[in-house]
Amino acid sequence: MLRMLKERLEAGASAEEEVSALFSKINKSRLNAYNVLSEEAALERAREYDRSPWGGLLAGVPIAIKSSISTKGIETNCSSRILTGYIPPYDATVIERLKEEGAIIIGKTNMDEFAMGTSTETSCFGPTKNPWDADRVPGGSSGGSAAAVAAGEAPCALGSDTGGSIRCPASFCGIVGLKPTYGLVSRYGLVSYANSLEQIGPLTLSVEDAALVLDVIAGHDPRDSTSARSEGGYFARIEGGVDGLTLGVPQEYFGEGVDPLVEKAVWDAISKLEGLGASWKKVSLPHTRYALAAYYIIAMSEASSNLARFDGLRYGLRLGADQDWHTTFSDIRAAGFGPEVKRRILLGTYALSAGYYGRYYLKALKVRTLIKQDFERALSAGGADLLVTPTMPFPAFRIGERIEDPLSLYMADVFTVPINLAGVPAISVPCGFADGLPIGLQIIGRHFDEAAVLRAAKAYEGATPYHEAVPKEVV
């Protein structure tokens, strides 16, 4: 775990040996969790630390970064052919903050192309495999980050979450994944898919580690107009338990479409939290049934706009001699984008086109407001302090099982996308197994109340053994 590694380094352990051991695992691994490694630079940075140790919350600690977060001097390709070879000239704000606190970047992790997916199968580098069963997906889109952490190929990683892309792979890989409140973490330097929905967050082996990384990356950034100020001190406030808290259990998150083993594990978790002093009551989020439709219209519309810049002229792929502008532009995008990205650009462009804007996009924005109001009402004074649900309706599915059926993949996001539409924080923590595959418990809080979410997650984790289980695909 990150915290234990930090303590070893503070006690005099060699950062170079720790980083070398990670690269040894990565180079032997068959998970395909990384698509770019920064081995020489990371080892040199580790040697510098050994020669003259520096301070900081993550001093000497290696970290993996999702391929959609800009890293100066390290390829940032979003797992897309159109950006292969693109090396940013600057660091994202979260990377600047990690470096200021002494972290060492070891590489960029595989992901669904431009974060569009639930399985990390749409990457141009091939699918990442789940450490618990190499025939199954690790979840997406931050599947490489989750698989790397679960398999011990990184002590922690950053991902981004647009509709569940941190919590889904955390659930499928049996680790902790936190999506912060929209605005808590700067998005400057994150390659945008749907900028009104996405947030950067940590994937770790424990809740304490997630709180520590959040302390580093949260906070106001004048370069991101949606950025908010942070109270900070999440790690310091992680103790305290759930005694006296009221948990809301949304009735719409149980029943049809949910694996019975997942449902049982989550109810067992609620009973465990009750045994720790919390009470629970049923609540309703009545517009949940419209969340998937609204989410995909908004996300695809924003994607069609955000990805317009990738034309091979300003960024990325080139295809030999240029022809006229229209032909060159079309040929590069046809060759550079994969099928799922093209599908979402086409659908988003259609939703924004003249005559359909009000019918689809505007209506989706109105539904988004209703969903946000559902969460605010359920979490208002006198209601619940936190909401508790399954993270995913089922455990990890087999590679190739759903990739030819986009609607089936979109349906997998049914419990995660409402949180992004509402902008509230949520964490996934391991809460059991179904036929040897991890199950995730999702704890949802009020806007900017990450402290309560982390406190409840820590209390649950401390009372259960699931976070200590080790997958079989560990080198």
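Taken over the range 424-444, the criterion of being open to solvent by 10 Å² or more (accessible area, probe 1.4 Å) and either among the aliphatic types (A, V, I, L, M) or out of contact with any Phe, Trp or Tyr (no Cβ under 9 Å at 6 or more places or on another chain) (or both) is satisfied by 435, 437.
Pairing each residue of the range 307-328 that is hydroxyl-bearing (Ser, Thr, Tyr) with any residue that is surrounded by 13 or more Cβ atoms within 10 Å (Cβ to Cβ), provided the two are 6+ apart or on different chains, yields C-beta distances under 9 Å for 315/82; 315/83; 315/86; 328/311; 328/312; 328/313; 328/319; 328/322.
Scanning the range 272-291 for residues that are farther than 23 Å from residue 462 by Cα, part of a helix (DSSP H, G or I) and either open to solvent by 30 Å² or more (accessible area, probe 1.4 Å) or modelled with pLDDT under 95 (or both) turns up 286, 287, 289, 290.
Here is a check on your reading of the model: is residue 21 surrounded by fewer than 23 Cβ atoms within 10 Å (Cβ to Cβ), of a type in the set (A, V, I, L, M) and over 30 Å from residue 317 (Cβ atoms)? Answer is yes for this residue.
Here the condition is being under 23 Å from residue 403 (Cβ atoms), among the charged types (D, E, K, R) and either at pLDDT below 95 or in contact with a helix residue (DSSP H, G or I) (Cβ under 7 Å, 6 or more places away or on another chain) (or both); of 113, 121, it holds for 113 alone. Among residues of the range 302-314 being more than 30 Å from residue 371 (Cα to Cα) and surrounded by fewer than 15 Cβ atoms within 10 Å (Cβ to Cβ), the one that is farthest from the chain's Cα centre (by Cα) is 313. Among the residues of the range 253-266, what is the count of those that are modelled with pLDDT of 95 or more and either open to solvent by 60 Å² or more (accessible area, probe 1.4 Å) or closer than 17 Å to residue 435 by Cα (or both)? Of the residues in the range 253-266, 9 are modelled with pLDDT of 95 or more and either open to solvent by 60 Å² or more (accessible area, probe 1.4 Å) or closer than 17 Å to residue 435 by Cα (or both).
Going by what's in this entry, would residue 378 be described as within 14 Å of residue 253 (Cβ to Cβ) and surrounded by fewer than 24 Cβ atoms within 10 Å (Cβ to Cβ)? Criteria met by residue 378. Within the range 381-402, restricting attention to residues that are more than 30 Å from residue 137 (Cα to Cα) and modelled with pLDDT of 95 or more, the residue that is surrounded by the most Cβ atoms within 10 Å (Cβ to Cβ) is 384. For residue 41, the conditions (1) more than 30 Å from residue 122 (Cα to Cα); (2) aliphatic (A, V, I, L, M); (3) surrounded by fewer than 18 Cβ atoms within 10 Å (Cβ to Cβ) are fulfilled apart from (1). Among the residues making up the range 217-233, a single one is open to solvent by 10 Å² or more (accessible area, probe 1.4 Å) and within 20 Å of residue 167 (Cβ to Cβ): 218.
Which members of the range 454-468 meet the condition of being open to solvent by less than 10 Å² (accessible area, probe 1.4 Å) and either without any contact (Cβ under 8 Å) to a residue 24 or more places away in the chain or more than 17 Å from residue 271 (Cα to Cα) (or both)? Residue satisfying the conditions is 454 alone.
When you check residue 66 against the structure, is it touching a residue at least 12 places away in the same chain (Cβ under 8 Å) and surrounded by fewer than 21 Cβ atoms within 10 Å (Cβ to Cβ), yes or no?
no
Scanning the range 17-42 for residues that are in contact with a strand residue (DSSP E or B) (Cβ under 9 Å, 6 or more places away or on another chain) and assigned to a helix (DSSP H, G or I) turns up 18, 19, 22, 23, 26, 27, 39, 41, 42.
Name the single residue, out of those in the range 150-170 being touching a residue at least 60 places away in the same chain (Cβ under 8 Å) and out of contact with any Asp or Glu (no Cβ under 9 Å at 6 or more places or on another chain), that is surrounded by the most Cβ atoms within 10 Å (Cβ to Cβ).
Pass one, the range 150-170, residues touching a residue at least 60 places away in the same chain (Cβ under 8 Å): 150-164, 166-168, 170.
From the residues that got through so far, the ones that are out of contact with any Asp or Glu (no Cβ under 9 Å at 6 or more places or on another chain) too are 152-154, 157-159, 166, 170.
Working: 152: 19, 153: 30, 154: 29, 157: 31, 158: 28, 159: 34, 166: 34, 170: 38.
It comes out as 170.
Once the range 108-143 is narrowed to residues that are of a type outside the set (A, V, I, L, M) and outside any loop (DSSP other than H, G, I, E, B), the residue that is farthest from residue 165 (Cα to Cα) is 133. Annotation note: of 299, 269, 294, the sole residue that is in contact with a strand residue (DSSP E or B) (Cβ under 6 Å, 6 or more places away or on another chain), open to solvent by less than 20 Å² (accessible area, probe 1.4 Å) and not β-branched (Val, Ile, Thr) is 269.
The numbered conditions (1) of a type in the set (A, V, I, L, M); (2) within 17 Å of residue 453 (Cα to Cα); (3) within 20 Å of the chain's Cα centre (by Cα); (4) open to solvent by less than 30 Å² (accessible area, probe 1.4 Å) are all true for residue 238 except (3). Counting only helices (runs of 4 or more DSSP H) that fall entirely inside the range 303-407 and contain at least 1 residues that are within 30 Å of residue 132 (Cβ to Cβ), the qualifying elements are 339-352. Of the residues 194, 170, 210, 157, the single one that is small (Gly, Ala, Ser), touching a helix residue (DSSP H, G or I) at 6+ places or on another chain (Cβ under 6 Å) and part of a helix (DSSP H, G or I) is 170. Take residue 421 and tell me if it is open to solvent by 10 Å² or more (accessible area, probe 1.4 Å) and in contact with a Lys or Arg (Cβ under 6 Å, 6 or more places away or on another chain). So residue 421 does not fit the description; no.
The values are calculated or read from the model by the stated rules, or taken from the named source; none is laboratory data. Fair warning: this is a prediction, and the values are worked out from it, not measured in the lab. Cβ: placed from backbone, ideal geometry, glycine included. Neighbour counts: every protein chain shown. These area figures cover heavy atoms from the full protein model, side chains too; ligands, DNA and RNA do not enter into them. Shrake-Rupley method; radii C 1.70, N 1.55, O 1.52, S 1.80 Å.
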